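See structure below.
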Amino acid sequence: MSGIDLEKLEALTHDYAEFDSRKSGLATALGGAMALLMTLHVFSHATRTLLGPWWRLQAILIFLMPLLWLPLKQLLFHWLYRGLGPVKALQDAAHEQRKWRWIFAIALILMTFQTLVLVGFVSGYAGVLQHPETIQQLPARLPSLWMSWLWVAALPWLYLLLAPWWIKGVEEARAYLVLVGQGVIWIAFGFNQAGANIDQATRGWMLPVFLGIQLGVFVWALRTIRRGWKEHREYLAILQALPRES
């Protein structure tokens, strides 16, 4: 093998190691597609009567979408991109810092959400203690809402606990942040639909903000699908550039 061939093989090895350690290819595109489905869930409320009991199952799948993406993207990556075996890239401190900034953003969003939930619960409980007569104003079906409380209290913690163990690169961290953000939004929306009390003034500004976020996620999802496909094409280019055995 000539010196030129060795240099070419070294460059290919470097590119493959970079891909194997920090990129996900179609697994990244999968995250964008799942985020896209979460935005389209907006329209499922208009067809709720048509879906019947399946609507509730669909809503549960939307809540679980971030947790579903983690093992699915791992399986997809191993299925598509392990033909050359595992290779470790050199440490990139800047990349690791960016990745952990995104994970920190995930933690910040989830901790803020849980703090607001706790403040709201304490505020409501304190209000009942100060005005016991308001107990009669609580909905009679309040005890049946335990499932909604379970989503609000437990699911964000699962989102957070899995993040450091399953995210390997900036693109994955960014995709998981969007999926988690969508999950939190839909958990809050579902809890509101189940009977949470939100004043009319808050409802007035929440709807346009919610729709604006969904539009932003829709655009982001399309771009992420494109980026994932681009990464996949880069991997195919690496395979095609490998020297052939004579």
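The values are calculated or read from the model by the stated rules, or taken from the named source; none is laboratory data. Values in this document were obtained by computation on a predicted structure and should not be read as measured data. Backbone-built Cβ (ideal geometry, glycine too); neighbour counts: all protein chains shown. Calculation scope for accessible area: heavy atoms of the full protein, side chains included, ligands and nucleic acids excluded. Shrake-Rupley method; radii C 1.70, N 1.55, O 1.52, S 1.80 Å.
Could you please report the charge total around residue 99, scoring K, R as +1 and D, E as -1 over all other residues with beta-carbon less than 10 angstrom from its beta-carbon?
Taking every Cβ under 10 Å from that of residue 99, the sum is +1.
In whole Hz and in residue order, list the ³J(HN,Hα) couplings for region 59-66 that follow from phi through the Karplus curve 6.51 cos²θ - 1.76 cosθ + 1.60, θ = phi - 60°; x for Gly and Pro.
With coefficients 6.51, -1.76 and 1.60, one gets 4, 4, 5, 5, 4, 8, 3, x Hz.
Can you sort 230, 88, 168 by 1.4 Å-probe accessible area, starting with the largest?
88, 230, 168
Let me check something: with ligands and nucleic acids excluded, how do 209, 170 order by accessible area (1.4 Å probe), largest to smallest? Please list the in-between numbers first.
Details: 209 70, 170 15 Å².
Most to least solvent-accessible, the answer reads 209, 170.
Measure off 7 Å from each Cα along the Cα-to-Cβ vector at residue 43 and residue 111, then give the distance between these two points in nanometres to one decimal.
Those two pseudo-labels are separated by 3.9 nm.
Can you put 242, 161, 211 in order of accessible area, largest first, using a 1.4 Å probe?
On the way: 242 45, 161 110, 211 85 Å².
Ranked from most to least accessible, the order is 161, 211, 242.
Give the long-range amide H neighbours of residue 89: residues separated by 5 or more places, or on another chain, with amide H under 5 Å away, using H modelled in the peptide plane at 1.01 Å from N.
Distant-sequence amide H within range of residue 89: 21.
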